[in-house]
1. Of everything in region 75-102, what is assigned to a loop (DSSP other than H, G, I, E, B) and among the hydrophobic types (A, V, I, L, M, F, W, C)? Give them in sequence order.
2. If you check every pair at least six apart or on different chains, which have Cβ atoms under 9 Å apart with a residue in region 12-28 that is of a type in the set (D, E, K, R) first and a residue that is open to solvent by 40 Å² or more (accessible area, probe 1.4 Å) second?
3. For region 56-75, which residues satisfy the criterion of being open to solvent by less than 30 Å² (accessible area, probe 1.4 Å) and within 15 Å of Leu32 (Cβ to Cβ)?
4. When the residues of region 103-119 are narrowed to those that are assigned to a loop (DSSP other than H, G, I, E, B) and in contact with a helix residue (DSSP H, G or I) (Cβ under 8 Å, 6 or more places away or on another chain), which ends up nearest to Gly51 (Cα to Cα)?
5. Going through Asn83, Asn44 one at a time, which residue ends up being closer than 13 Å to Arg116 by Cβ and either at pLDDT below 85 or of a type in the set (D, E, K, R) (or both)?
6. Which of the residues belonging to region 1-11 are assigned to a loop (DSSP other than H, G, I, E, B) and without any contact (Cβ under 8 Å) to a residue 60 or more places away in the chain?
7. Hey, can you tell me all the residues within region 93-115 that are over 15 Å from Val4 (Cβ atoms) and surrounded by fewer than 21 Cβ atoms within 10 Å (Cβ to Cβ)?
8. Only one residue in Gly51, Gly29 is surrounded by 14 or more Cβ atoms within 10 Å (Cβ to Cβ), in a loop (DSSP other than H, G, I, E, B) and at pLDDT 85 or above. Which one?
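The values are calculated or read from the model by the stated rules, or taken from the named source; none is laboratory data. No experiment lies behind these values; they were computed from the predicted model shown. Cβ sites come from the backbone with ideal geometry, for glycine too, and all protein chains shown count toward neighbours. With ligands, DNA and RNA removed, areas are computed over all heavy atoms of the protein, side chains included. Shrake-Rupley method; radii C 1.70, N 1.55, O 1.52, S 1.80 Å.
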Amino acid sequence: MPIVHFVNEKKQIEVPAGANLRAEAIKAGIRLYDGLNGFGAKVNEVFNCHGFGHCGTCRVKITQGAQNASPMGLMETVTFKYNPLGPAMLAYIGNEDTMRLACRTQVNGDMTVETRPPMNLTGENFFS
């Protein structure tokens, strides 16, 4: 069974192969929703898309083992690239190979995940 290591929480969980990352994280008590760099986290815990992939608030950064995640689907691609109202688009810039939505990611092997990655609006990747 794959092991998912959550960096920010310093926690490891064992999940069945093919399990949904968001569902398993919530079961383990991992907080996925952070709002816009920390503001509105409690609101996002209630008012999120509940796993449909269009709000972008459950974004995670897979720092190791990204090849063990399911391929990015259409809804996830649209949310990251074409949803200017969602927070996922701004965090995705510069992290295209590692940023995923937890609700749309299946775990097929061991991975290391950073939850609630910050958005860097003034970084070099944003204006490039």
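1. Across region 75-102, the qualifying residues are Leu85, Ile93.
2. As it stands, the answer is Glu14/Met1; Glu14/Ile3; Arg22/Arg104; Glu24/Pro16, since those pairs meet every condition given.
3. Selection gives Gly56, Thr57, Cys58, Arg59, Val60, Ile62.
4. Per the criteria, the residue is Thr105.
5. Within the list Asn83, Asn44, the selection yields Asn44.
6. Met1, Lys10
7. Listed by number, the residues that qualify are Ile93, Gly94, Asn95, Glu96, Asp97.
8. Among Gly51, Gly29, only Gly51 is surrounded by 14 or more Cβ atoms within 10 Å (Cβ to Cβ), in a loop (DSSP other than H, G, I, E, B) and at pLDDT 85 or above.
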